[in-house]
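The values are calculated or read from the model by the stated rules, or taken from the named source; none is laboratory data. Remember, it's a predicted structure, so these values are computed and weren't measured experimentally. Because the Cβ atoms are built from the backbone with ideal geometry, glycine has one as well, and the counts that use them run over all protein chains shown. Heads up: the accessible areas ignore ligands, DNA and RNA and are worked out on the full protein's heavy atoms, side chains in. Shrake-Rupley method; radii C 1.70, N 1.55, O 1.52, S 1.80 Å.
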Amino acid sequence: MLAERFADVIGSVDETIGENRTYGEGIGPHDEDNQIDALVSEVEEQGVFDGSIYTAKSDASDVRYPGGQSADIVIEAGGDREFCEAKLFRFQKANSQPSSQGFSKVFSPYQDRNPRSFVHDVSKLADADVRAMKTFLAPYYRPVDGPGSEITGQEIAAEFVDAVEKWTNHEIVVDTVAPFSGLQHDVLCRGAILAWELADQPDQYF
């Protein structure tokens, strides 16, 4: 649900977030925390999500859980609570060159220290003593040219499911692939908001 709402408002955020002075206009060049926070703010401002959303940047105390760790997003809706890890799937730089770290930050099975890869973020949240829904979200920027330009949101979401299964003791399932296009930046202009959920959810909720 939240992934779909992010896809609905990303065009508005793209117009209002302002230019990254180094890398160009629109939401695409901004860092992960700024993108997530801007999308949450726009969803709340437009009133298109029936619930409360907390982020690591705006509400640090509300995203913490036992063990002294934090999620990136916490969602409260319909009496349920959801803890969500988020990661930016951006494998190309703003100049269209391959990102030397973009792929490893998502898929590396060896990057288990800060900054952890998304594979290890899955394990972190899956292993946490959190009796709430556990989910994962990613804005994916699909390259316009060069390597990866033919990889759809559905395909990259499935690739991440395979990576988690291969490199961890956990399983996730694709929940949402919500495409977007027409953003301002020439390179970072299309993609999808991806969402997964942990296959083995806790039996009891807060």
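Name the residues in the range 86-102 that are open to solvent by 30 Å² or more (accessible area, probe 1.4 Å), within 23 Å of F180 (Cβ to Cβ) and modelled with pLDDT under 95, would you? Step through it out loud before you land on a result.
At the first step, the residues of the range 86-102 found to be open to solvent by 30 Å² or more (accessible area, probe 1.4 Å) are 90-91, 93, 95-101.
Filter again for within 23 Å of F180 (Cβ to Cβ), leaving 90-91, 93, 95-99.
Passing the criteria: K93, N95, S96, Q97, P98, S99.
The set of residues in the range 160-182 that are of a type in the set (D, E, K, R) and either open to solvent by less than 80 Å² (accessible area, probe 1.4 Å) or farther than 28 Å from V13 by Cα (or both) comprises D162, E165, K166, E171. Only one of the numbered conditions (1) outside any helix (DSSP H, G or I); (2) touching a strand residue (DSSP E or B) at 6+ places or on another chain (Cβ under 6 Å); (3) in contact (Cβ under 8 Å) with a residue 24 or more places away in the chain is violated by H30, and that is (3). Annotation note: Cβ proximity below 8 Å between a residue of the range 175-201 that is farther than 21 Å from G146 by Cβ and at pLDDT 95 or above and a residue that is among the hydroxyl-bearing types (S, T, Y) and in a strand (DSSP E or B) (sequence gap 6+ or interchain) occurs for D175/T135; I193/Y140; I193/T176; A195/T135; A195/T176; W196/T135; E197/T135; L198/T135.
Exactly one residue out of D129, D72 is open to solvent by 30 Å² or more (accessible area, probe 1.4 Å), in contact (Cβ under 8 Å) with a residue 24 or more places away in the chain and under 14 Å from W196 (Cβ atoms): that is D72. Among residues of the range 136-154 being under 15 Å from A94 (Cα atoms), open to solvent by less than 50 Å² (accessible area, probe 1.4 Å) and in a loop (DSSP other than H, G, I, E, B), the one that is modelled with the lowest pLDDT is G146.
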